[in-house]
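In what follows, a structure is listed as structure tokens, so that the remarks can point back to it.
The values are calculated or read from the model by the stated rules, or taken from the named source; none is laboratory data. Please read all numbers here as calculations on a predicted model, not as lab measurements. As a convention, Cβ positions derive from the backbone with ideal geometry for all residues, glycine included, and neighbour counts pool all protein chains shown. What goes into the accessible areas is simple: the full protein's heavy atoms, side chains included, and nothing from ligands, DNA or RNA. Shrake-Rupley method; radii C 1.70, N 1.55, O 1.52, S 1.80 Å.
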Amino acid sequence: MRNGHWNQDELIAWLYGVGPEDGHLDSCGECRAKAERLQSRMTEARMAEPDVHPAFLARQRRSVLDRIAGGAPSPARWLATAAVAAMLLMAVALQSPSPQPEALTASSADTELFEDVFNTVAWAEPEAVAPLYGLFERSGEVSR
Amino acid sequence: MNTVLEGMMAVMAQPQTVEAKPALSVSGFAGWMESEQRRVFLLCVRMLGNTEDADIAAQDTFLKAWKAIGKGDAEALSDPAKWVTRIAVNTCLDRLRSGRWQFWRRRPSAEDEALVLAFAPAPEPGPEKQALAVEIRERLAEALKKLSDRQRTIFVLRHYEGRSLEEVAAMLGLEEGTVKAHAARALAKLRTELRDLYA
């Protein structure tokens, strides 16, 4: 059995049903009075809680009744359906094979390679030099 | 017992022909919903921490209630308020579990919240007292977010709904001792968070 009074933490814990179980409140008038004061303050605080705008509640009721009537689906279900659809689309997009480059036949590949090499060798100067040659162009002939 | 709900259930209990649809009165349900709606919505706000999610959860709660009444859920008759509270709590817990990954979701702004929630007239409408009440309310709402889902549920049912721990245990399908342990941990955390308010 304790000798002293309950402190504030113990009183608050008692209010929430988790206070000390030593029966102190039954024998101590002072602590019982404090506990009752705290309880009434808690009730006051509960009364000062926010109210909900009536128009909001009316809209919410209408929405529930619409859903009962089989009208509008749940907003959460809308979101979930949209999310699943988006994920499916992404999955399909990622899974579908990307267009492969056309397979080159051996002969066309060789021809292209030959042309590339020829052009590189034949045109040894950098392309940036081309405008300078343009300055010396005579009767449609470029002198190199 | 809620007379509106009792009347609705009495109509349902009448023998139905095979072809007849259940004779549930939508207007009767709407009346009962109106009587419970504010409390259920605020419970959802406290559990979910914002009005947008709470709106969806409250709507889902009443839709589930409607469906359960249609199936003749007998528990609805014994204590409709407790019954719908349990549905709301489970709906919110499901929503919290499924919403963990939605970290990118836009949360409603304080202005949006203020449009929905207004302050009830205080018993003594002194501006200082009202300002303090607002501060306490806001701080408590923030502190509640730091509790675990179970701790928050238990605290909300005890503090705002005034349910006994025994009732809370029955609602959540937990042992009373477990509820007590969670309640004690919730209180300890809230005390730490709000120490400056009541010191």
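Taking θ as phi - 60° and the Karplus parameters 6.51, -1.76 and 1.60, the scalar couplings of segment B:137-151 work out to 4, 5, 5, 5, 4, 5, 5, 4, 5, 8, 7, 6, 3, 5, 4 Hz in sequence order, x denoting glycine and proline. Which of rounded, prolate or oblate describes segment A:8-47 when judged by the alpha-carbon gyration tensor and an a/c cut-off of 1.5? The shape class here is oblate.
How crowded by other chains is B:151-158, given as the mean number of beta carbons from other chains within 10 Å of each beta carbon? Could the numbers behind the result be given before it?
Numbers: counts 0, 0, 0, 1, 1, 0, 0, 4.
That works out to 1 on average.
For A:Asp51, the residues whose amide H sits under 5 Å from its own are B:Ala118, B:Phe119, B:Ala120, ignoring neighbours fewer than 5 places away on the same chain, with H placed 1.01 Å from N.
Shielding of peptide A:17-26 by partners, expressed as the average count of other chain Cβ atoms within 10 Å per residue Cβ, is 3. For segment B:156-162, 3J(HN,Hα) computed residue by residue from phi via the Karplus equation (6.51, -1.76, 1.60; θ = phi - 60°) reads 4, 5, 7, 6, 8, 8, x Hz, glycine and proline entered as x. Here the Karplus curve 6.51 cos²θ - 1.76 cosθ + 1.60, taken at θ = phi - 60°, turns the phi angles of segment B:42-48 into couplings of 5, 4, 5, 4, 5, 7, 9 Hz, with x standing for Gly and Pro. Calculated FRET efficiency, B:Lys145 to A:Glu112, Cβ-Cβ distance, R0 = 51 Å: about 0.15 to the nearest 0.05.
Using only protein heavy atoms and a 1.4 angstrom probe, determine the accessible area buried between B and A, summed over both sides, in Å² to the nearest 100. If you can, show how the numbers build up before the last one.
Details: alone 12050 and 12580 Å², together 21000 Å².
In total, chains B and A hide about 3600 Å² from solvent.
For B:Leu194, no residue 5 or more places off, or on another chain, has a built amide H under 5 Å of its own.
Taking 0.36 nm per residue of separation and subtracting the Cα-Cα distance, full extension of the segment from B:Ile136 to B:Ser27 would add 35.4 nm.
Mind checking B:68-77 for the average number of partner chain beta-carbons within 10 Å of each residue's beta-carbon?
0
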